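Have a look at the structure that comes next, please.
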Amino acid sequence: MAPRLKLFAPLLLFAVLALFLFRGLELDPQALPSALIDRPLPEFTLPGLGEERDITRGDLLGEAALLNVWATWCVSCRVEHPYLKQLAERGVVIYGINYKDEDADALRWLQELGDPYRANVVDRDGTLGIDLGVYGAPETYLVDAQGIIRYRHVGVVDERVWQTILQPLYQELEPGGGG
Amino acid sequence: MIPEIGHFALIIGLCLALFLAVVPAWGAWRRDPVAMGVAPSLAVGMLVFVGISFACLCIAFLQDDFSVKVTAANSNSLLPPIYKFSAVWGNHEGSLLLWALILCVWTAAVALLSPQLPLLVLSRVLAVMGAIAVGFMSFSLFTSNPFERLLPGMPADGSDLNPLLQDPGLIIHPPLLYMGYVGFSVAFAFAIAALLGGRLDASWARWSRPWTNVAWGFLSLGIMLGSWWAYYELGWGGWWFWDPVENASFMPWLAGTALIHSLAATEKRGVFKSWTVLLAIFAFSLSLLGTFMVRSGVLTSVHAFATDPARGMFILLFLAFVVGGSLTLYALRAPAVSSRVGFAWVSRESLVLVNNVVFLVATLTVLFGTLFPLFMDALGQGKYSVGPPYFNAVFVPLMALLVPFMGLAPMSRWKRDDTARWRAELAVPAVLAVLCAVTLPLVQAEYNLWVALAVLLAAWLVVGLVRDFWYRVRGSRSVSRAMRRLTPSYLGMVLAHLGFAACIIGVVATSQYSIERDLKMSPGDSEQLAGYTFTFRELAPVRGPNFVADEARIAVTRDGEPVADLAPQKRRYLASGSVMTEAAIDPGLFRDLYVAMGEPIGEGGAWAIRLHYKPMVRWMWLGAILMGMGAFTTALDKRYRRQRKAARSHATEALHGA
């Protein structure tokens, strides 16, 4: 390569990067691939956290529920955790997906910080996460009694998110629930 | 009225910036001394008007003028005045104005403090900075006007500053960080001026070195403050999360670290010229990229600002213009042939090269990890997140690889050195470092290999530095005479490298030895942690200026001796209703005791309480402070002042000659 041409390499790399950034502007990192909203929860059979038996999709059905993706390595999950406990105390059904985590760490976390979950699915390799299109923890799905995904929230669920977004949807699915 | 004055002043600032970008550049092209000569006054004028604009925004916040949109959204009449002031930059619009103001401060500083610069170079440098200022001021005025009014329909009170930001650390964190970020624009402007002039010699490296070092020092301190804030304010004792916004500030720091070393080699030996120019462009481009990532919403992050696609598009176009333009200029003008100055493989130049390779790889690693979710999303491969495991797995070995060479560098010689000499000189430090690594971790009951490795690396640096220092000052009759032998450049390097060693120890010791327990405690309960007894004495309601809180009063004792009284709080802020954890910390050089309140459990007054024992966590922040101080020290070097005197007498001669 001629020496002068070599000097164009940084410019070329930057052009590629800029194209990606341009594309990135149109994408919403928080948006669910729309394919999954109002579609059934994917099938899965995964171990339950601290349980002998496996959990399948069928175990999660019957009531409208929140499906919370969490991990002990996730900063925001720690912030979110106390609020999930409040929701659980109010009677909201919450299932956990322990995402790419160590079982021992996860069990210790629940023991120390309290356990708002009805059950926890162990998604150690993130396979269920891939099917769901998990972007990162924490992430919370609202699933109805028939197992249809109604809403996906990326990020921490707090009082504001619950009151303004999730609760109205939840009460539509489960009248009288989540007082 | 005052917000309108601010708005108007910002418009005048933008006009001055336009003049600054165009007139001196035209003057430099036509060799017109009058057009070139207006550059410094335009730079100062720009600072004055943007300063007025910023002051007006501050007044709007301090006077609770809730007819201004950002004030209504980010302040509250109950907010303590100091936080009303820091709320000015606790939001997108205000922080962007701060960005512009700091850019003006740097531009005016270059204009006023550079009498040694030839007018031709100075006018080009200031024109480049003016062009950057045009970009940022129009960004502020056209997409995020901080003076926008809410009229009619002004709210009775503001909706308050995010309680996380109501903190002393956050008052100075953004200004320091921006001083660093924006400071790299000076190195960038010098690089562009050198490319435009077609003369890449040692002098441009000498001119831009003190500016680059100072900017890097500010950035080090800014990042340190951010980490410290996260540690005590987020309430669970973490200090670095590899969050996209943190990475946005860390990448320019990494590239800047490569730059300050490469600049040294270019100044002293005239090597790596094109490479150094590229690094200067790279460091500032990463600052701009960071701004893009934080303000465009392309990545999810805990501290991203409220975003808007128009803003993202604006910065992207600006980024394309600045980075694309400068890289094109680089491709066309940088010397394509390698410099004639040679150096042997065993030499200080090679060690600088190792530094550059390591830091560049580290920068690209962080860049790749940060943008990976975006790449995959754009390619239709689905949503991904990259977590700390990736960054730690790549970053930690890289830094460990760096340190052996880093210990060699201070005693190495430029151009050609000799491995036999290295072996002779470094036998003692090597033995001492191994001794330290074997013995020091024994202080703890359990021998920890990671800590031993960290001690080995840090001791290698420290002993090497101390030995080199001793060789330079020995034989001097008095302390003052010994100090006179050492240049500020050298002292700054020693400080910064010691700081790096302290960071290694702090990071590894606190990661390995920290103990944390989440407990249920009722008043009267006692718990043990790392030999300390924590007694929950009472729970008391407390009222602050704009919050109410539950305060747990906890007495800490060790072997019956009182150590500290800690009072963590759980606050509810009145305006927003948000609940915040305020941790209580007993700091110490060798350990922090850290208590945070979780949630109340049951009716009996019991609380979830989190106790942490964090050994040597302060060392990494002290290390960063040392690095910052070291960088500032180097800028005091007489070399830069002597230059000025010489230039002045030269100028006088020229005047008399004419």
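Read the figures in this text as sums done on the coordinates, not as results from a lab. Fair warning: this is a prediction, and the values are worked out from it, not measured in the lab. Counting neighbours? That spans all protein chains shown, and the Cβs are built from the backbone with ideal geometry, glycine included.
What's the FRET efficiency of B:M1 with A:E26 using the Cβ-Cβ distance as r and R₀ = 30 Å, to the nearest 0.05?
The value I calculate is 0.15.
For region A:40-173, what is the relative contact order in percent, using Cα pairs closer than 8 Å and at least 6 residues apart in sequence?
The normalised contact order for region A:40-173 reaches 32 percent.
Taking every Cα atom in region B:1-166, find the radius of gyration and the maximum pairwise distance Dmax, and write them in Å.
17.9, 58
Then there is this: Per 10 Å bin from zero, what fraction in whole % of the C-alpha pairs of region A:105-179 is there, up to the bin with the longest pair?
Pair shares across the bins are 15, 43, 37, 5.
Given the pairs B:K520/B:K614; B:K84/B:K570; A:K100/B:K614; B:K84/B:K520; B:K415/B:K638, which are separated by over 28 angstrom at their Cα positions?
Over 28 Å Cα-Cα: B:K84/B:K520.
OK, next. Can you compute the charge dipole magnitude of chain B about its Cα centre, using +1 on each Lys and Arg Cβ and -1 on each Asp and Glu Cβ, nothing else charged? Give it in debye, rounded to the nearest 20.
Taking the Cα centre of chain B as origin, the dipole is about 3580 debye.
Also, I was wondering about something else. Sort B:I192, B:I585, B:I505 so the one with the fewest other Cβ atoms within 10 Å of its own Cβ comes first.
B:I585, B:I505, B:I192
To the nearest 0.05, how large is the calculated FRET efficiency for B:K415 and B:M376 if R₀ is 45 Å and r is the Cβ-Cβ distance?
Working from the Cβ atoms, E equals 0.45.
A further question on this structure: 222 nm [θ] for chain B, helices only, -39500 (n - 2.57) per DSSP H run of 4+, per residue, to 500?
-21500 deg cm²/dmol
What residue among A:A88, A:A104, A:A137 has the largest mean-square fluctuation in a Gaussian network model of chain A, using Cα springs under 10 Å?
Largest GNM mean-square fluctuation: A:A104.
Are there cysteines in the protein assembly as shown with no other Cys C-beta under 4.7 Å, and if so, which?
That list is B:C15, B:C56, B:C58, B:C104, B:C436, B:C503.
If you take the Cα atoms of the protein assembly as shown, find Rg, then find the Kirkwood Rh from the mean of 1/r over all pairs, what is Rg/Rh?
Reported Rg/Rh (Cα atoms, Kirkwood Rh): 0.98.
Quick check: the angle from helix A:9-26's long axis to the longest principal axis of chain A, C-alpha only, nearest 10 degrees?
Between the helix axis and the principal axis of chain A, the angle is about 30 degrees.
To continue, here is another question. Using a Cα-Cα cut-off of under 18 Å, which aspartates and glutamates could be cross-linked to B:K273, ignoring same-chain neighbours fewer than 8 residues away?
B:D201, B:E349
Right, here's the next one. Quick one: compute a quarter of the convex hull surface over the Cα atoms of region B:517-616 and quote it in nm².
One quarter of the hull surface, i.e. the mean projection, equals 6.7 nm².
Right, another one. In nm, give the distance between the simple-model label positions of B:V394 and B:A344, each being 7 Å from the Cα along the Cα-to-Cβ direction.
Those two pseudo-labels are separated by 3.7 nm.
For chain A, just run the numbers: alpha carbon Rg, then divide by 2.2 N^0.38 Å, N being how many residues it has.
1.26
How well do other chains shield peptide B:351-363, expressed as the mean number of their Cβ atoms within 10 Å of each residue Cβ?
0
So how tilted is helix A:75-89 from the main axis of chain A? Cα-based, degrees 0 to 90, rounded to 10.
Helix A:75-89 sits roughly 20 degrees off the main axis of chain A.
Hey, what do the phi angles of region B:216-229 turn into as Karplus ³J(HN,Hα) couplings, whole Hz, using 6.51/-1.76/1.60 and θ = phi - 60°, x for Gly and Pro?
4, x, 4, 5, 4, 5, x, 5, 4, 4, x, 5, 5, 4
Using modelled amide H (1.01 Å from N, peptide plane; none on Pro or chain starts), what sits under 5 Å from the amide H of B:V68, excluding residues fewer than 5 places away?
When sequence neighbours closer than 5 places are left aside, the close amide H contacts are B:L150.
OK, next. Restricting to chain A, what percent of DSSP beta bridges are antiparallel, rounded to 5?
Expressed as a percentage, antiparallel bridges in chain A total about 60.
Tell me, B:E561, A:E26, B:E425 in order of fewest to most beta-carbon neighbours within 10 Å?
B:E561, A:E26, B:E425
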